[in-house]
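Step one of this worksheet: look at the structure below.
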Ligand SMILES: Cc1ncc(C[n+]2csc(CCOP(=O)(O)OP(=O)(O)O)c2C)c(N)n1
Ligand code: SF4
Ligand SMILES: [Mg+2]
């Protein structure tokens, strides 16, 4: 570990946050580099948010623009909610990576480039007429270009690898340099590499040598100019045990926890699809938690098997992304008709159709709330961040089992892949909600499979229970006996009962995430826009504007107090990564003049673009940004600082 | 079927109070009765029995059985049944499907439930027509079938359900006829088989495809066209009353079956093949026999059990769980963690 400290080393800076983007060819291992850098950042006690951004192709042709894979991390000694608007540092492993990512780099930002990869051929593939490292076109940035490829080959020479294999360690060399830059220990990486290449110790050694060489380069090279060591103090947080978690992990763990709180074995039916597969992969390794995973022949079979398992008395769960969710639609309708618990996780991606498989979007809200034949209501809840997905998954299990209904849980590609630090929760702090099965009836009482309890839920009966044999199905059924009944009055009644059951779900009141809950403007969001909205709203609050942030978890049914809460503001602004779906829903429910701010580029919102939109809204709709005739705002209540 | 204590029941115990809604004279009635007659003989337990179906006339079946029943969605019954068996392998699951339900919209699921070998009885009611939607041709309809959607006759080649099942990896393939007195025997053998047991049942849709199976299924007069197979027994059909006993002999040169006359019951002399229900190659040959030149093979065509999917899944789950710590608290705290204590990381 580098021993320089802020005092001893004049070249060391102290900064409270920093955005770094690692970019290279798909084959350069940038996701791995980013992931390991994230871990070391977390271990250093910084808050962080990451944004892995990779192409849909597994191995796009080398050196091409569409084959660029990037990993961005924002970390700091203060609270971090987004992966950062613009990088301070861009690591570009080839010309294509530079070309694709340069536009987002901060003016004056630092470029670290592997000049060894800026060959004539690679420059051509990236459509560069001249070498940008040499033609002065990067003058407004700090540029540090040197031959990482050659240095890596040099470093791993003792291990007798061919050039091609040796170059595979380029990412570790780069990681070593990054570790030096941020004054991080190398030992955890050494351990990780030894473990990862347990069966190939020579590869482990080569990678360690590359990592060390990158680190040593930072330490010893005569770096006149741009490369400085940055010292980032740990972020003060609540004491406790921490780890990093991605949304996919968090959903998986939340489902396991939810099944345990319901005291049920879990059955998970899935079919591979980006970005949902990770949940199937995680759960497949958790068999000891009474989890059965089933990779079905398609998404339809996955949900049908999950419903079958619920029918037989387990907690059925299925997960997919847009196209697969579309296939599951008919079975969801059956789940609603037969009133069995089921959790459906939709890790949304850009659509329609195959759309943008590896990019993020929030455009399946209509599909979730309205997208079935018939009047087929089901509860919809959305996670706002990787860590939040844990609680949301538990909530989905609670609603599904308590109300005997399918529940849709929405996350998205950003949440699924992004990592953030997570204070490991104590499972015993969660209130259990044990599922109950009907096992018999008092002497003489007739068994009515559709007789409802106070919550509107019908009894759950496991096949195998004596004396309670009955038939269920998708045909309209009699209000209490569940026998086929097509009569007009009965269908009217059953439609209303199904609607009222969902509408009556006990949903916590909506809280104000940020701001004092009344005033000029409320910015309403849902899902993964939480981070950027929170930061943008906060910037305006600090400037004295009367802005609040409301972030909705319960999309359907909505919190009882939401309409009233929103009516306390002059204007409602709704940023969404779609063309305004939640806006339409809120307009319909509350007849409010909500204004949409939409983005469908496959990229998350940046804080700056939201900040600007809020400013515009304040000017145009609220009579000015900071209204001086108002009282100076006190420090907002209920706000984490 | 499962090893469980035999329960005394009568046919009546398996009937529900629901009005049966098939057309009068539909073959489905006969199959319902055959099943309700068979279950008491098996000692089956109504509370442990689940009938799962898709959509179609045939798929209304569960409503008429006093057991647990799940009338699901079109074509997907195998997937529901797979979930049910994985969740509770002790349940005795019967799947009811039609030629459209099981081989058209649900062909994919049928293939996979057979290949995985989930322990259940699969009854495919083949009437070579879409009954419930009023008579369109189906994937098993013969070429030139005239129907509302094929007024000039269908042009596509029909699927062969038993060949499909074998090709999908089924370890039990049987055939029956709705009104045949032998149907309960086929059902009994299917139930005794551990694994997915596929039974094609020729079912007369008297409204939309009346008597299409008459060539071999006509209650009186078609017996000579039925080859009822029994393991270890010679492949004989016909009788003296119907123009002579005949048998199937394997021509090893041509690697094909041929029909031979059997005089005075001496089938050995005629070289008639003895049925071996565990011989998969033989099963492939039997399901491919062109009807007309040959009789219709019926009964237990193939029966050679293999380990079931649910047993494998549960064994793997047990192995994977053995000695593992199933503490949620430990799981949540897995991976690289760090502790923030009250003082150490306080800001400077
Ligand atoms: C998704 C879907 N598509 C179409 C239908 C309409 N439909 C109901 S039954 C059926 C065909 C049934 O044919 P088959 O499986 O042979 O059953 P049968 O009625 O002949 O017993 C069709 C197309 C449906 N219910 N669901
Ligand atoms: S339409 Fe055909 S298959 Fe359906 S009930 Fe009537 S006779 Fe039976
Ligand atoms: Mg049919």
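Just so you know, all these numbers are worked out from the coordinates, no wet-lab data involved. These figures come from a predicted structure and were not determined experimentally. Quick reminder, even Gly has a Cβ in these numbers, built from the backbone with ideal geometry, and neighbours come from all protein chains shown.
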Helix-only CD estimate at 222 nm, as mean residue ellipticity for chain A, using -39500 (n - 2.57) per DSSP H run (n ≥ 4):
-10500 deg cm²/dmol
Virtual paramagnetic centre 7 Å along Cα→Cβ of residue B:20, amide N under 20 Å, in the stretch B:164-181:
B:176-181
What spacing in nm lies between the two simple spin-label points modelled at residue A:609 and residue A:119, each 7 Å away from Cα in the Cβ direction?
3.7
Exposure proxy check: B:80, A:569 ranked by fewest other beta carbons within 10 Å?
A:569, B:80
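Tell me whether the protein assembly as shown comes out rounded, prolate or oblate; compute the Cα gyration tensor, take square roots of the eigenvalues as a ≥ b ≥ c, and use a/c under 1.5 as the rounded threshold.
Working: a/c = 2.51, a/b = 1.74, b/c = 1.44.
Cα axes put the protein assembly as shown in the prolate bin.
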Using Cα pairs under 8 angstrom and six or more residues apart, how large is the relative contact order of chain A, in percent?
11
Computed [θ] at 222 nm, helices only, for chain B once each DSSP H run of length n ≥ 4 contributes -39500 (n - 2.57):
-7000 deg cm²/dmol
Against the longest alpha carbon principal axis of chain A, how many degrees, from 0 to 90 and to the nearest 10, is the axis of helix A:607-621 turned?
60
What is the antiparallel percent of DSSP beta bridges lying wholly in chain B, to the nearest 5?
35
Footprinting proxy, B:21, A:349, A:539: sorted fewest to most Cβ within 10 Å, the residues are B:21, A:539, A:349
What is the angle, in °, between the Cα long axis of helix B:183-192 and the longest principal axis of the Cα atoms in chain B? Nearest 10 is fine, range 0 to 90.
30
For the stretch A:540-573 and the stretch A:90-158, compute the distance between their C-alpha centroids and round to whole Å.
45
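If each residue of separation counts as 0.36 nm, what is the full-extension length gain between residue A:579 and residue A:495 once their alpha-carbon separation is subtracted? It would help to have the intermediate numbers written out before the result.
Working: separation 84, 0.36 × 84 = 30.24 nm, distance 3.02 nm.
Result for the pair: 27.2 nm of gain on full extension.
Tell me, B:57, B:23 in order of fewest to most beta-carbon neighbours within 10 Å? Before the final figure, lay out each step's value.
Working: B:57 26, B:23 14.
By the 10 Å Cβ count, ascending: B:23, B:57.
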Between residue A:588 and residue A:140, what length in nm is gained on full extension when 0.36 nm per residue of separation is reduced by their alpha carbon distance?
156.4 nm
First measure r as the distance between the Cβ atoms of residue A:164 and residue B:254, then evaluate 1/(1 + (r/R0)^6) with R0 = 41 Å and state the FRET efficiency to the nearest 0.05.
0.10
Value of relative contact order over the stretch A:40-95, rounded to a whole percent, pairs C-alpha under 8 Å and six or more apart
38
In degrees rounded to 10, the 0-90 angle between helix A:30-43 Cα long axis and the longest Cα principal axis of chain A is 80
Relative contact order for chain B, counting Cα pairs under 8 Å that sit 6 or more residues apart, in percent
14
Rounded FRET efficiency, nearest 0.05, which uses the C-beta distance separating residue B:5 from residue B:333 and R0 of 45 Å
0.45
Multiplying the sequence separation of residue A:353 and residue A:511 by 0.36 nm and subtracting their Cα-Cα distance, what value in nm do you get?
53.3 nm
Where labels lie 7 Å past Cα in the beta-carbon direction, separation of residue B:233 and residue B:341 in nm:
8.3
For residue A:194 and residue A:78, what does the FRET efficiency come to when R0 = 41 Å and r is the distance between their Cβ atoms, rounded to the nearest 0.05?
0.75
For labels at residue A:439 and residue A:216 in the simple 7 Å Cα→Cβ model, what's the distance in nm?
6.9
